[in-house]
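Undergrad: Next up is a structure, given as structure tokens.
Nothing in this text is a laboratory measurement; each read-out follows from the coordinates by a stated rule. In this text the structure is predicted, and so the values were computed from the model without any measurement. Positions of Cβ are backbone-derived with ideal geometry, glycine not excepted, and every protein chain shown enters the neighbour counts.
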Amino acid sequence: MLLVVDNGSVYTKNLTDFLTQKNILFEIQIPNNLDLNSLSNYDFFILSGRRKNEKKINEINSKIVNYCIKNNSKLLGICYGAEILALTLGGTIKKSPSLQKGDETVKIFENNLIQNDSLSVFESHNFEISKLPKELISIGESANCKYEIIKHVTKPIFGTQFHPEMSIDGNNLIEKFCML
């Protein structure tokens, strides 16, 4: 069973609609209501984007990231989800020079479990990953963002700076992730 952690993104409904359409079983929880002791009830996790920065939500998402690493659980972090993945492992984020919003092409430069080709995606973020920790590598970039898709070097853990729930190519990426 998939747990979708809804961190307040305006695009989470697009994600859950897609999962429902593909008959992928999931539960959705907001971080403040999530019982961290229940994480073992789930096979894999998606961390959504967010609207605002809240310390408690960051702490809960970091605990989910650490749980996934410790238990070799699948994780996909979307936008903020990718940022909290990098931050939890010792990376950094920075404010983007301007709001990144709209269509973008992501070039894939390492074949991987979720994507082998370039992607047409939708961006919507004010912050971005600026430095990756040693446990994460970049496997896709765009003209505006060096770390569009990141992955853990040994675990089934991925992050996207873009919103895969908002494009056909992104939906295909989500489906591949869910089928890993």
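Undergrad: Step through the residues of region 21-26 one at a time and calculate ³J(HN,Hα) from phi using the Karplus curve (6.51 cos²θ - 1.76 cosθ + 1.60, θ = phi - 60°), rounding each to whole Hz and writing x for Gly and Pro.
TA: With coefficients 6.51, -1.76 and 1.60, one gets 4, 8, 6, 8, 5, 8 Hz.
Undergrad: Further question: Take every DSSP beta bridge whose two residues both sit in region 30-152, then give the antiparallel share in percent to the nearest 5.
TA: The antiparallel fraction comes to roughly 80 percent.
Undergrad: Remind me, relative contact order of region 2-179 in percent, using alpha carbon pairs under 8 angstrom and six or more residues apart?
TA: Working: 383 pairs, mean separation 37.7, N = 178.
Averaging sequence separation for qualifying contacts and normalising by length gives 21 percent for region 2-179.
Undergrad: Among all the aspartates and glutamates, which ones have a C-alpha under 19 Å from LYS101's C-alpha, if same-chain residues fewer than 8 places away are not counted?
TA: Partners found: GLU83, GLU123, GLU128, GLU141, GLU148, GLU165, ASP169.
Undergrad: Can you compute the helix-only [θ] at 222 nm over the chain? Use -39500 (n - 2.57) per DSSP H run of at least 4 residues, normalise by all residues, nearest 500 deg cm²/dmol.
TA: Calculated from helices alone, the mean residue ellipticity at 222 nm is -8500 deg cm²/dmol.
Undergrad: Follow-up question, since we're still on this one. Within region 132-176, whose backbone N sits under 14 Å from a point 7 Å along Cα→Cβ of ILE24?
TA: Answer for region 132-176: 157-160, 163-176.
Undergrad: What pairs in LYS22/LYS74; LYS55/LYS94; LYS13/LYS63; LYS131/LYS155; LYS52/LYS176; LYS13/LYS52 have C-alpha atoms more than 21 Å from each other?
TA: LYS13/LYS63; LYS52/LYS176
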